[in-house]
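Q: Starting off with a structure, shown below.
The values are calculated or read from the model by the stated rules, or taken from the named source; none is laboratory data. All of these numbers come straight from a predicted model, not from anything done at the bench. Cβ sites come from the backbone with ideal geometry, for glycine too, and all protein chains shown count toward neighbours.
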Amino acid sequence: MKKAVLLIMGLLLLSAPVLAYQINIEAPDSVSVGKPLIVTGTTTFGTGTPIDVVLYYQLTTTTEVQRKIAYVLSDKSFRTVFDTTGLKTGTYKVEVPSTANSDDVTIRMVTIYDRSADIHLDTPLTQEFSGKIYLSGDIRGLENAGIQVEVIDPSGAVVFGPQYVHTDNNAHFAFEVTVPAPGSYEVSFTDARGYVGSRTITTTTSGSGVIATPVQTVVTAGGTSGIVSAQARSSRGSPAYFIVRAGSGPVALYTSKTLDWVVEYSDDSGILHMVNGQGDQNPERVEILGNGQTFYFKIYPYQYSVTDDVFLFGENVGSIDVSRTIPAPFRSFGDMSASETQRASLLPLLGAAALAAVALFRNRPRD
């Protein structure tokens with residue numbers, strides 16, 4: 001009798017429905033580099049339950065980039081944010097890994113893109129304070145259209161926009177923005193496809209007029225470490241030259257990806273290297289070990305007919321400056337000043353004189 005009762009109870013348990021916890025997450029299809037990747041979700045887990053959310057980079061293999069823990073709120077929702085600053089462009093995967101308490105794994109694919117190089121400003125990034133900042137330039141691919149502009153002051157308050165600014169048949173725009181005080185103002189650009197990028201305009205009271213500088217520094221939310229970048233016009237006949245002061249440890253330097261760029265650089269031993277393996281689909285990238293030394297970079301388009309702006313981005317670097325002169329590792333005799341050329345032209349003569357002196361010493365009469 002007992003065996004029969006146990007058998008019946010077992011059958012009832014087998015036929016009872018198995019309760020399974022459910023998780024569903026949402027993420028945008030695409031996000032620009034530097035913008036937050038916000039992942040939200042709902043679940044049947046209890047309030048306070050930790051949920052692992054992982055961001056993977058998808059290439060030939062899957063590589064974990066960041067892992068966050070989100071906690072379930074009283075309304076059964078959860079939320080987490082991934083920082084995309086410095087991430088490579090490409091396809092990523094957001095995933096909630098399976099756990100022992102869940103039979104549901106949710107995956108969302110996200111494309112991270114970078115269009116910041118589509119922005120070209122004619123006006124300098126540093127201007128003398130006059131109560132206004134002046135902006136003119138062009139946006140690649142936006143001929144006879146418009147661009148949405150927003151300007152944020154150093155305190156984070158919006159002082160202009162979001163407002164559409166017209167572009168002409170050369171994709172050119174020009175406008176001015178009233179600003180209340182000197183400082184650094186972030187100007188962001190957005191078009192119909194989404195966020196394009198931003199520039200920081202700094203107004204000063206130096207009294208020396210408009211100061212032209214192509215250097216732009218981007219700092220992460222943490223404060224001290226981030227991505228430093230510099231921008232310069234470049235062609236095959238007139239390359240862009242950069243001076244990079246490395247930090248301590250692994251250093252990564254990479255170009256914008258709008259064109260097929262050729263990168264030449266001189267290491268701390270004076271040896272020249274050339275990098276050109278990515279075409280126009282991905283940025284050229286250089287990874288070196290830094291200990292505070294200075295590196296020199298020369299960047300130009302692969303095609304002779306092209307002239308465009310190139311960005312050089314750096315991670316774990318002290319600074320990147322555009323060199324107004326040709327750095328010594330890349331100079332030829334034609335690039336030298338008159339005094340440098342004179343000194344260089346004397347070297348063969350000095351060498352010949354030294355050899356002659358040695359020969360005379362060896363052939364002198366012996367006592």
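Q: Picking from 75, 29, which residue would you name as being acidic (Asp, Glu), at pLDDT 85 or above, more than 21 Å from residue 315 (Cβ to Cβ) and out of contact with any strand residue (DSSP E or B) (no Cβ under 8 Å at 6 or more places or on another chain)?
A: 75
Q: Taking the stretch 149-178 as the search range and keeping residues that are among the acidic types (Asp, Glu) and either outside any loop (DSSP other than H, G, I, E, B) or on the phi > 0 side of the Ramachandran plot (or both), which one is farthest from the chain's Cα centre (by Cα)?
A: Selected residue: 176.
Q: Is it the case that residue 299 is hydrophobic (A, V, I, L, M, F, W, C) and in a strand (DSSP E or B)?
A: For residue 299, the condition - hydrophobic (A, V, I, L, M, F, W, C) and in a strand (DSSP E or B) - is met.
Q: Further question on the same structure: Which of the residues that make up the stretch 185-206 are farther than 16 Å from residue 121 by Cα and surrounded by 13 or more Cβ atoms within 10 Å (Cβ to Cβ)?
A: Listed by number, the residues that qualify are 191, 194, 195, 204.
Q: If you check residue 80 against the conditions, is it crowded, with 17+ Cβ neighbours inside 10 Å and assigned to a loop (DSSP other than H, G, I, E, B)?
A: No, not satisfied.
Q: Is there any pair with a first residue in the stretch 124-150 that is under 18 Å from residue 181 (Cβ atoms) and of a type in the set (Asp, Glu) and a second that is modelled with pLDDT under 85 and part of a loop (DSSP other than H, G, I, E, B) whose Cβ atoms are under 9 Å apart and which are 6 or more apart or on different chains, and what are they?
A: 128/205; 128/206; 128/207; 128/208; 128/209; 128/210
Q: With respect to the numbered conditions (1) free of Cβ contacts under 8 Å to residues at least 60 places away in the same chain; (2) of a type in the set (A, V, I, L, M, F, W, C); (3) buried (at least 18 other Cβ atoms within 10 Å of the Cβ); (4) over 30 Å from residue 283 (Cα atoms), which one is the sole condition not fulfilled by residue 175?
A: (3)
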